Amino acid sequence: MLCYLLFLDWTLEQILDATGVGNQLVKMRLLEFECVLLIILSAFLVFGKAEIYIVTVEGEPIISYSGGIDEFEATAVESDEKIDTTSEHVTSYSRHLEKRHDMILGTLFEQGTYKKLYSYRHLINGFAVHISPEQAETLRHAPGVKAVERDWKVKRLTTHTPQFLGLPTGVWPTGGGFDRAGEDIVIGFVDSGIYPHHPSFATHNSEPYEPIPKYRGKCEVDPDTKRNFCNGKIVGAQHFAQAAIASGAFNPSVDFASPLDGDGHGSHTASIAAGNNGIPVRMHGHEFGKASGMAPRARIAVYKALYRLFGGFVADVVAAIDQAVYDGVDILSLSVGPNSPPAAGKTTFLNPFDATLLGAVKAGVFVAQAAGNGGPFPKTMVSYSPWIASVAAAIDDRRYKNHLMLGNGKILAGLGLSPSTHLNRTYTLVAANDVLLDSSVMKYSPTDCQRPEVFNKKLIEGNILLCGYSFNFVVGSSSIKKVSETAKALGAAGFVLCVENVSPGAKFDPVPVGLPGILISDVSNSKKLIDYYNISTPRDWTGRVKSFKGLGKIGEGLIPILHKSAPQVALFSARGPNIKDFNFQEADLLKPDILAPGSLIWAAWSPNGTDEANYVGEGFAMISGTSMSAPHIAGIAALIKQKHPHWSPAAIKSALMTTSTTLDRAGNPLLAQQTSETEAIKFVKATPFDYGSGHVDPTAALDPGLIFDAGYEDYLGFLCTTPGIDIHEIRNYTHVPCNNTMGKPSNLNTPSITISHLVGTQAVHRTVTNVAEEETYVITARMEPSVAIEVNPPAMTINAGTSRQFTVTLTSRSVTGSYSFGEVLMKGSRGHKVRIPVVAKGFPR
């Protein structure tokens, strides 16, 4: 191939002249060569138009193959059972499936006109392939092919929280202390990789980690340093980029063809769930506290499928999940969600991504997924399915505030994780536009204060520099970190950033800086500062400043204030109701499931990470997103799994949900951030569409009393009874005929009840299993007035290890056009409390 490319810029005559040959035979040979070259080039042109497709084919994957093919024994697992990768049956059937994938492609297309990227064999049966749309159409009609879906992109859904959640006093002691919390539990992270040299993942200050025989993942070697990514705590490290490479999006110089985190996001999420305990968070000479993961002794398995500039592709993410489950992870943490709905998907619950996660849950893997960052608007969830724990983001009790005191005595509130200016003196205020070297630098957006070379240092030295917060800060081309560096280079005593207009998408988080600095995020306060500056700054007739007379000083912003109003639902956290299809029809399933800390979370960062401009080159970052809340739940799930190793993923999810709280620290109902008409943030009473069952309570979750269990067959029943889902589509992914014995999707045994279309009266059934000692429960229910609620029986005694059913009956009293919220509460004689949210919307008969 290379010899053809060497001649691409040569004409036929140039080649003849260079060789000094002109006979007819050589001309004929070169004409043949040129013809071959044209064929190759035309193949490149066809390939250039190619796209990535995920194809599912007939035949069961390893996890559900029950036999029936000569020479291949059954490999199916029972619900909540891991795949036995050491089995010869599994290995031989896996080879058989891959050969079938190759045979389908080889029969339909000529070699070189397609590229198979992955064979999916463990959780779904299919493959990812890079082909033209015409070839995809051929595949759709080929025998043995069930579905062909064009790949779609995914994105990242981007410490003090262990204390806030009560882990050191309530949870870790029950498992032998922090140095045993999460022992031998493997958490898999499908994310942007890891920075393995971070102290949050180091092993030199801990007891040696013994090998884990149940985990069989491999460790890639860094191609540059030749060092292994694993160290005992990190037990697996692999990267998946075939789809990214085929699409042309992958750049090895910035994306790294290894598990190395080139973004920061993956290191952050891994350390939230399983980072070492007591790691000092130091930046700019100040210690902000000590960071710890939820399960500090848990092992980390890295499956890199996200990249810094473009996010990722579902084909790579599905391959990563498939491998993680095969390798034997116990928990999966997914801080990832789709950019947009799948192109061909009819239902939110059935696509290669969700179907793969259903297979993961069947194999006993608990899955925590970020709910999405599309809040505060309704129907913005990007995590839909009942087998997944969808995690919303909360603000915890720690807030950082600062203030600017002006020479006229006014105090303006703002944000600034910075030291104060000297307490006993004030400083002259100088605006960026008034201290430029000359007007020619206006093209550099000088008010952003990103380039020290455009300013007159003599006018700034020893003064406070006033800068403007433009849209460049929202998109990331300007950063507060750079403002601080600019001010420091110019010898300023500090800096102020004024927000004069709130840009769409702006979020004002405190950023740690080494120099006194403050962001005035309130537009009215910024106006007060600008008015004061203009009044205090005399100018000549040309507008040039004659002298700077405005004064100010910046307060201390490094000490957090602890609020009893926490937790609260974060503004950005995605909201329900859940949807069952991409026409946005509402589902009979509550989402999100649970609320966990996700705002301003301190955790590990990759020094070469670029996901947050304010933390480039740093070892820690304080960032927000449901990306941060999902690993909190993954880590807490690891603690539950450690204490109850035989519990199913549904049992763990139930324990988290039924013991959660809907009250804040002051005992008041949870509030949710919302936007007002003026774009300012206001607080409203939160509902289950904001927080699911409530805010996680790890201590209570270890001992829930009762659980609502469910398995693979139950999830199939949910799919089969959901109106509008094509039963052939269900069979494409599950390979079994539909079973409608569940009656209605609302009868799925989840720890929540949702009826999106309540006409008249509907009875809903739930089964609870006692995971404690014998206990008598009194059951009560309440609901908002437009829907009546009854529960039967009103009380029941449940023996240890046994199950009992109860019925909740809902009746539409009045049609309001909106949802009514309520709950079922079960109080046990031994002190257990089990609460499930109830959501219903009444319609006329």
* With (1) in contact with an Asp or Glu (Cβ under 7 Å, 6 or more places away or on another chain); (2) not in a helix (DSSP H, G or I) as the list, and ASP184 as the residue in question, which single condition is left unmet? -> (1)
* Just for strands (runs of 3 or more DSSP E) wholly inside segment 476-572: which have at least 2 residues that are touching a strand residue (DSSP E or B) at 6+ places or on another chain (Cβ under 7 Å), over 26 Å from GLY609 (Cα atoms) and open to solvent by less than 50 Å² (accessible area, probe 1.4 Å)? -> 494-498, 551-554
* Asked: Has segment 311-334 got at least one residue that is open to solvent by 30 Å² or more (accessible area, probe 1.4 Å) and of a type in the set (Asp, Glu)?
  -> no
* Identify, by number, the condition in (1) open to solvent by 50 Å² or more (accessible area, probe 1.4 Å); (2) of a type in the set (S, T, N, Q); (3) closer than 21 Å to ALA655 by Cβ that ASN770 doesn't meet. => (1)
* Asked: Regarding ALA243, is this residue open to solvent by less than 10 Å² (accessible area, probe 1.4 Å), farther than 25 Å from PHE366 by Cα and assigned to a helix (DSSP H, G or I)?
  -> yes
* Quick one: in segment 388-408, which of the residues that are open to solvent by less than 10 Å² (accessible area, probe 1.4 Å) and out of contact with any Gly (no Cβ under 7 Å at 6 or more places or on another chain) is farthest from ILE561 (Cα to Cα)? -> ILE388
* Residue in segment 174-187 that is surrounded by fewer than 22 Cβ atoms within 10 Å (Cβ to Cβ), at pLDDT below 75 and aromatic (Phe, Trp, Tyr) present -> yes
* Within segment 818-835, can one find any residue that is at pLDDT below 95, farther than 18 Å from THR662 by Cα, within 35 Å of the chain's Cα centre (by Cα) and surrounded by fewer than 16 Cβ atoms within 10 Å (Cβ to Cβ)? -> yes
* **Every residue from segment 256-291 that is open to solvent by less than 30 Å² (accessible area, probe 1.4 Å), among the acidic types (Asp, Glu) and either modelled with pLDDT of 90 or more or assigned to a strand (DSSP E or B) (or both)** => ASP261
* **Residue satisfying condition, being of a type outside the set (Lys, Arg), at positive phi, out of contact with any Pro (no Cβ under 9 Å at 6 or more places or on another chain) and in a loop (DSSP other than H, G, I, E, B), within set GLY609, GLY667** => GLY667
* Structure fact -> Within segment 586-604, restricting to residues that are at pLDDT 90 or above and in a loop (DSSP other than H, G, I, E, B), the one that is most open to solvent (accessible area, probe 1.4 Å) is ASP588
* Asked: Of the residues in segment 77-103, how many are within 13 Å of GLY59 (Cα to Cα) and open to solvent by less than 70 Å² (accessible area, probe 1.4 Å)?
  -> 7
* Asked: What is the number of the single condition among (1) open to solvent by less than 20 Å² (accessible area, probe 1.4 Å); (2) in contact with a Gly (Cβ under 7 Å, 6 or more places away or on another chain); (3) aliphatic (A, V, I, L, M); (4) within 20 Å of PHE288 (Cα to Cα) that MET622 does not meet?
  -> (2)
* Structure fact -> Residues in segment 784-840 that are of a type in the set (D, E, K, R) and within 17 Å of ILE755 (Cβ to Cβ) total 4
* To do: Considering only segment 716-764, state which residues are of a type in the set (Asp, Glu) and open to solvent by less than 30 Å² (accessible area, probe 1.4 Å).
  => GLU729
* Which ones in segment 409-422 are in a loop (DSSP other than H, G, I, E, B) and open to solvent by less than 10 Å² (accessible area, probe 1.4 Å)? -> GLY416, SER418, THR421
* **strands (runs of 3 or more DSSP E) fully within segment 305-378 counting 1 or more residues that are farther than 30 Å from THR86 by Cβ** => 336-338, 366-370
* Structure fact -> Those residues of segment 782-804 that are surrounded by 12 or more Cβ atoms within 10 Å (Cβ to Cβ), of a type in the set (Ser, Thr, Tyr) and within 38 Å of the chain's Cα centre (by Cα) come to a total of 2
* Asked: Here are some residues: ALA672, ALA651, ALA637, ALA630. Which one is touching a strand residue (DSSP E or B) at 6+ places or on another chain (Cβ under 7 Å), assigned to a strand (DSSP E or B) and either open to solvent by less than 10 Å² (accessible area, probe 1.4 Å) or over 23 Å from PHE377 (Cβ atoms) (or both)?
  -> ALA672
* Structure fact -> Note on segment 192-216: residues open to solvent by 20 Å² or more (accessible area, probe 1.4 Å), over 20 Å from ASP330 (Cβ atoms) and touching a Ser or Thr at 6+ places or on another chain (Cβ under 7 Å) are TYR195
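The values are calculated or read from the model by the stated rules, or taken from the named source; none is laboratory data. This is a predicted model, so every value here is computed, not measured. Because the Cβ atoms are built from the backbone with ideal geometry, glycine has one as well, and the counts that use them run over all protein chains shown. Side chains included, ligands, DNA and RNA excluded: accessible areas come from the protein's heavy atoms. Shrake-Rupley method; radii C 1.70, N 1.55, O 1.52, S 1.80 Å.
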